[in-house]
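S.K.: Here it is, the structure in full.
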Amino acid sequence: MAVSTVYTVQSLNFSTPSKPFSQKHILFFSTTKKATLTRSYKQISCSAEDKTVVIGLAADSGCGKSTFMRRLTSVFGGAAEPPRGGNPDSNTLISDTTTVICLDDYHSLDRTGRKEKGVTALDPKANDFDLMYEQVKALKDGTAVDKPIYNHVSGLLDPPELIKPPKILVIEGLHPMYDERVRDLLDFSIYLDISNEVKFAWKIQRDMAERGHSLESIKASIEARKPDFDAYIDPQKQYADAVIEVLPTQLIPDDNEGKVLRVRLIMKEGVKFFNPVYLFDEGSTISWIPCGRKLTCSYPGIKSSYGPDTYYGQEVSVLEMDGQFDRLDELIYVESHLSNLSTKFYGEVTQQMLKHSDFPGSNNGTGLFQTIVGLKIRDLYEQIVASRTAATLEAAKA
Ligand SMILES: Nc1ncnc2c1ncn2[C@@H]1O[C@H](COP(=O)(O)OP(=O)(O)OP(=O)(O)O)[C@@H](O)[C@H]1O
Ligand SMILES: O=C(CO)[C@H](O)[C@H](O)COP(=O)(O)O
């Protein structure tokens with residue numbers, strides 16, 4: 001029988017928190033040979049207003065999740081870094097406000113295990129949803145957890161790292177909306193829907209140009225993942241509150257380069273604390289070519305549209321941007337025609353885009369819509385905190 005021993009967290013060597021704990025936090029170690037951590041934790045007491053807001057970001061590998069996360073954390077200010085003093089191959093990024101955890105850390109089978117069983121990482125059988133649910137719920141309830149680490153360098157499962165409840169927890173990866181229990185914990189969810197043609201072009205850019213993979217191996221890897229992607233990853237988009245859909249342009253006939261993109265921001269109606277962005281007039285159907293005196297466009301130009309639609313049987317608003325911007329500073333012209341942006345000052349979207357002009361997608365709708373969704377998440381967070389504060393005050397009065 002395993003005997004449990006109590007240690008204070010300050011004595012641990014992994015994932016040393018960047019700041020000392022303000023609350024007493026105790027971990028229970030199991031004294032088995034492997035010295036793995038059992039899953040018992042003491043609750044860190046926090047007020048209702050401080051409870052963690054949980055955001056889910058789903059996409060296939062290589063579809064821009066990390067880039068989106070960099071844009072999102074930048075909206076909150078401060079740099080996002082891996083846990084200080086922890087595993088150098090940690091997938092976690094922590095900033096003052098946000099903690100981003102990668103759901104690859106809940107792979108239950110390592111690279112060899114998947115190979116032996118003949119399953120991909122996209123297959124639910126290769127992932128531990130019970131633990132994912134248990135830990136996301138614990139964090140949401142104000143309890144720190146020892147989250148496993150999937151090491152992408154070695155392909156092994158490394159010893160766990162300590163994750164404290166942040167203000168905003170982002171769970172990003174293949175399956176944030178797959179398991180109903182985890183899905184129900186999300187305060188807001190996003191799906192990055194990258195069409196096969198564009199995914200292929202991005203994979204070639206990264207894996208061929210930057211990582212030296214051959215064209216054949218990239219094709220083979222995409223083909224091998226496709227059945228599981230279609231079965232387990234893609235269906236999650238029906239649950240997302242916002243979907244960023246990336247398609248080949250319609251401005252160049254038969255374009256197969258995948259450089260000019262048509263991007264659609266699909267925003268669910270009726271989501272608490274989320275008011276969809278609109279162009280010119282809320283609820284109308286608009287088609288707009290902004291190129292001209294105030295927006296420089298070279299071939300093939302830019303076409304934007306907006307209007308109501310349905311998506312998986314639900315009412316949505318869709319904002320679309322096809323083409324690319326020549327001059328980012330002129331984006332202020334487009335920004336000034338959009339409403340419900342949740343900016344804190346005039347031009348904040350343009351400022352964010354200029355700040356990260358070196359990120360992929362900064363000259364088109366991918367960067368623009370990721371930035372807008374980042375601002376909407378900040379607004380959602382602030383509204384949730386404000387409503388909790390109001391509820392606490394009401395309760396105190398009663
Ligand atoms: N908006 C974009 N426009 C053009 N290329 C992009 C865009 N977003 C991502 N890419 C390309 O895709 C690659 C992967 O992007 P990123 O690292 O953000 O994706 P990811 O989903 O986090 O990937 P992974 O899960 O494999 O770590 C980038 O190196 C870049 O080549
Ligand atoms: O789909 C993925 C999500 O990032 C990866 O392929 C999965 O996590 C397995 O990683 P690796 O290929 O490093 O073993």
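Read-outs: derived from the displayed coordinates by stated rules, not from any lab. Note that the structure is a prediction, hence the values are computed from the model and not measured. Neighbour counts run over all protein chains shown; Cβ positions are idealised from the backbone, glycine included.
S.K.: How large is ³J(HN,Hα), in whole Hz, for each residue of region 358-371 in order, when computed from phi with the Karplus curve 6.51 cos²θ - 1.76 cosθ + 1.60 and θ = phi - 60°, using x for Gly and Pro?
M.R.: 8, 6, x, x, 6, 9, 8, x, 5, x, 4, 6, 5, 5
S.K.: With angles folded into 0 to 90 degrees, how steeply does helix 129-140 sit against the dominant principal axis of the chain? Use alpha carbons for both and round to 10.
M.R.: Helix 129-140 sits roughly 90 degrees off the main axis of the chain.
S.K.: Treat every Asp and Glu Cβ in the chain as -1 and every Lys and Arg Cβ as +1, leave all other atoms uncharged, and give the resulting dipole magnitude about the Cα centre to the nearest 20 debye.
M.R.: That gives the chain a dipole magnitude of about 1140 debye.
S.K.: Against the longest principal axis of the chain, how steep is helix 65-75, in degrees 0 to 90 to the nearest 10, with axes from Cα atoms?
M.R.: Long axis of 65-75 versus the principal axis of the chain: about 90 degrees.
S.K.: Let me ask something else. If Lys and Arg each add +1 and Asp and Glu each add -1, what is the summed charge of the other residues whose beta carbon sits under 14 Å from the beta carbon of LYS226?
M.R.: Numbers: positive: LYS199, LYS203, LYS219, ARG225; negative: ASP60, ASP123, GLU197, GLU223, ASP228, ASP230, ASP234.
Spelling it out: positives minus negatives among the neighbours equals -3.
S.K.: In Å, what Rg and Dmax follow from the Cα atoms of the chain?
M.R.: 22.1, 77
S.K.: So for TYR106, TYR178, TYR333, fewest C-beta neighbours within 10 Å to most, what's the order?
M.R.: Ascending number of Cβ neighbours within 10 Å: TYR333, TYR178, TYR106.
S.K.: Let me ask you something else. Sort SER90, SER336 so that the residue with the fewest other Cβ atoms within 10 Å of its own Cβ comes first and the one with the most comes last.
M.R.: With the fewest neighbours first, SER90, SER336 line up as SER336, SER90.
S.K.: Which one, LYS226, LYS65, LYS167, has the greatest fluctuation when you compute a Gaussian network model over the chain with C-alpha springs under 10 angstrom?
M.R.: Answer for the Gaussian network model of the chain: LYS226.
S.K.: While we're here: Once you charge only the Cβ atoms, +1 for Lys and Arg and -1 for Asp and Glu, what is the size of the charge dipole of region 198-295 about its Cα centre, to the nearest 20 debye? Could the numbers behind the result be given before it?
M.R.: Values: 15 positive and 15 negative charges, 58 e Å.
The calculation lands at about 280 debye.
S.K.: Over the chain, with a Gaussian network built from C-alpha contacts below 10 Å, which listed residue (ILE332, ILE289, ILE266) shows the highest mean-square fluctuation?
M.R.: ILE289
S.K.: If one takes the longest principal axis of the Cα atoms in the chain, at what angle in degrees, from 0 to 90 and to the nearest 10, does the Cα axis of helix 215-228 lie?
M.R.: Approximately 70 degrees, to the nearest 10.
S.K.: From Cα pairs below 8 angstrom and at least 6 apart in sequence, can you work out the relative contact order of the chain, rounded to a whole percent?
M.R.: It rounds to 15 percent for the chain.
S.K.: Region 78-113 to region 342-372: how many Å between their Cα centroids?
M.R.: Taking the Cα centre of region 342-372 as reference, the centre of region 78-113 is 25 Å away.
S.K.: What is the sum of charges around ARG264, taking Lys and Arg as +1, Asp and Glu as -1, for the other residues whose C-beta is under 13 Å from the C-beta of ARG264?
M.R.: Residues close to ARG264 contribute a combined charge of -2.
S.K.: May I ask you to sort ARG84, ARG114 by Cβ crowding, counting other Cβ atoms within 10 Å and putting the fewest first?
M.R.: So the residues, fewest neighbours to most, are ARG84, ARG114.
S.K.: Could you work out the Kirkwood radius for region 166-300, taking every pair of different alpha carbons, averaging 1/r and inverting it, reported in Å? Each step should come with its number before you reach the end.
M.R.: Values: mean 1/r = 0.0559 Å⁻¹.
The answer is 17.9 Å.
S.K.: Considering amide H positions built from the backbone, and no H for Pro or chain starts, which residues 5 or more places from ASN364, or on another chain, come under 5 Å of its amide H?
M.R.: The list, which skips near neighbours in sequence, is PHE325.
S.K.: Next question. Have a look at ILE149, TYR133, ASN91 and report the one farthest towards the positive end of the charge dipole of region 53-166, computed about the Cα centre with Cβ charges (Lys/Arg +1, Asp/Glu -1).
M.R.: About the Cα centre, the residue reaching furthest to the positive side is ASN91.
S.K.: Which of VAL334, VAL170, VAL263 moves the most in a Gaussian network model of the chain with Cα springs under 10 Å?
M.R.: Result for the chain, Cα springs under 10 Å: VAL334 fluctuates most.
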